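The values are calculated or read from the model by the stated rules, or taken from the named source; none is laboratory data. Remember, it's a predicted structure, so these values are computed and weren't measured experimentally. In this analysis, Cβ positions are derived from the backbone assuming ideal geometry, glycine residues included, and neighbour counts consider all displayed protein chains.
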Amino acid sequence: MLERIRIVLIGTSHPGNIGGTARAMHNMGLADLALVAPRCEVLTADSVSRASGADHLVHRARVVATLEEAVADCTLVVGASARSRTLPWPMISPRQLGERLPEELAAPEARIALVFGREDSGLSNAELQRCHAHVHIPANPDFSSLNLATAVQVLAYECRLAWLDQQQDDDALPPMGMAETAPPASHADLERYFEHLERTLITIGFHDPATPRQLMARLRRLMMRARPDSMEVNILRGILSATEKQAEAARRREG
Ligand SMILES: C[S@@+](CC[C@H](N)C(=O)[O-])C[C@H]1O[C@@H](n2cnc3c(N)ncnc32)[C@H](O)[C@@H]1O
């Protein structure tokens, strides 16, 4: 279970926080670290020293340019945020995150990303809207922003607790057969769907990108809540393709 949980840091500016994150992850048994457009050197004396023996995770970290690349194969993306944003999004606590892990990772293809923001400005609205849910560490409301590596530590600890619970359950219960279902939709599947949806809504005149009124953000939130599997996303894309064809045929008839 722990090997299918990825920690994603966006735009980190202090190498020490990358090292501190590696240490927190290794302490809790996590190993998959992705760095999106870091704003500092990754391997420095500071990151190695703060990793305190977990610098192999820094060496192995995948460095990518965009959040999309970092989470393309993930079936659940959770953004860690110190504050709430304009458009409310499903919000869970660190404990609820841990409780959801066994079910979320039941399918062998399932992968989870926990996404953390910049030290100075956190995650942007666009990044938060690419997440299924947000997790907030319920710190002192008057001083709620934790150091980046400390925030990783708190969530990694909840992942470990959930994993330890699952080990106990596995010892106590005989293995159960999994119901046959389609694999969960990945982030990349959903992004392709959202692009297709926006294109179709523009084609049929329902959406004007010049006056978006948060339409796409609201539709994203709806879909993220529904958690469609890959077959359901294919059906929805089929409907969009048929809609585009009809719109094209109507245009030809008229013009
Ligand atoms: C130093 S904080 C960024 C604070 C930034 N000034 C802001 O307002 O978002 C760096 C990152 O740590 C995580 N973090 C810090 N405190 C958190 C909290 N209370 N709950 C969830 N995540 C937190 C978030 O991912 C955040 O983007």
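Taken over segment 87-99, the criterion of being outside any helix (DSSP H, G or I) and either more than 14 Å from the ligand (Cβ to nearest atom) or not β-branched (Val, Ile, Thr) (or both) is satisfied by Leu87, Pro88, Trp89, Pro90, Met91, Ser93. Beta carbons closer than 7 Å, at least 6 apart along the sequence or on distinct chains, pair a first residue in segment 110-133 that is of a type in the set (Val, Ile, Thr) with a second that is in a loop (DSSP other than H, G, I, E, B) for Ile112/Cys74; Ile112/Leu105; Val115/Leu123; Val115/Cys131. Quick one: what pairs do we get from segment 135-151, first residue in contact (Cβ under 8 Å) with a residue 60 or more places away in the chain, second more than 6 Å from the ligand (Cβ to nearest atom) and not hydrophobic (A, V, I, L, M, F, W, C), C-beta under 6 Å, 6+ apart or different chains? Going by the 6 Å Cβ cut-off, the qualifying pairs are Leu148/Asn17; Ala149/Asn17; Ala149/Gly20; Ala149/Thr21. Looking only at residues in segment 216-228 that are touching an Asp or Glu at 6+ places or on another chain (Cβ under 9 Å) and surrounded by 13 or more Cβ atoms within 10 Å (Cβ to Cβ), the one that is nearest to Arg6 (Cα to Cα) is Pro228.
Within segment 189-226, take every residue that is more than 17 Å from Ile239 (Cα to Cα) and of a type in the set (S, T, N, Q) and give me the one that is nearest to the chain's Cα centre (by Cα). Per the stated criteria, the residue is Gln214.
Residue-level analysis places Gly79 among those that are touching a strand residue (DSSP E or B) at 6+ places or on another chain (Cβ under 9 Å), modelled with pLDDT of 95 or more, within 15 Å of the ligand (Cβ to nearest atom) and of a type outside the set (A, V, I, L, M).
Taking each residue of segment 193-219 that is without any contact (Cβ under 8 Å) to a residue 40 or more places away in the chain and more than 18 Å from Ala126 (Cα to Cα) and looking for partners that are of a type outside the set (Ser, Thr, Tyr) and not in a helix (DSSP H, G or I) with beta-carbon atoms closer than 7 Å, six or more apart or interchain, yields Leu201/His207; Ile202/Pro209. Screening Arg60 on (1) farther than 24 Å from Arg39 by Cα; (2) more than 14 Å from the ligand (Cβ to nearest atom) shows it passes everything except condition (1).
I want to confirm something. Restricting to segment 49-76 and keeping residues that are crowded, with 19+ Cβ neighbours inside 10 Å, out of contact with any strand residue (DSSP E or B) (no Cβ under 7 Å at 6 or more places or on another chain) and of a type in the set (A, V, I, L, M, F, W, C), which single residue is nearest to Gly20 (Cα to Cα)? Explain how you work it out, then say what you get.
Here is the first cut: in segment 49-76, the ones crowded, with 19+ Cβ neighbours inside 10 Å are 50-51, 54-55, 57-58, 61, 67, 70-71, 74-76.
Cutting the leftovers down to out of contact with any strand residue (DSSP E or B) (no Cβ under 7 Å at 6 or more places or on another chain) gives us 50-51, 54-55, 58.
Going one step further and asking which of them are of a type in the set (A, V, I, L, M, F, W, C), we end up with 51, 54, 58.
Details: Ala51: 5, Ala54: 9, Val58: 10 Å.
Residue satisfying both the conditions and the ranking: Ala51.
Only a single item in (1) among the charged types (D, E, K, R); (2) part of a loop (DSSP other than H, G, I, E, B); (3) touching a residue at least 40 places away in the same chain (Cβ under 8 Å) is not met by Arg23, and it is number (2). Looking across Ala80, Ala107, Ala113, one residue alone is among the aliphatic types (A, V, I, L, M) and surrounded by fewer than 18 Cβ atoms within 10 Å (Cβ to Cβ). It is Ala107. Scanning segment 83-98 for residues that are in contact with a helix residue (DSSP H, G or I) (Cβ under 7 Å, 6 or more places away or on another chain) and crowded, with 16+ Cβ neighbours inside 10 Å turns up Trp89, Pro94, Leu97, Gly98.
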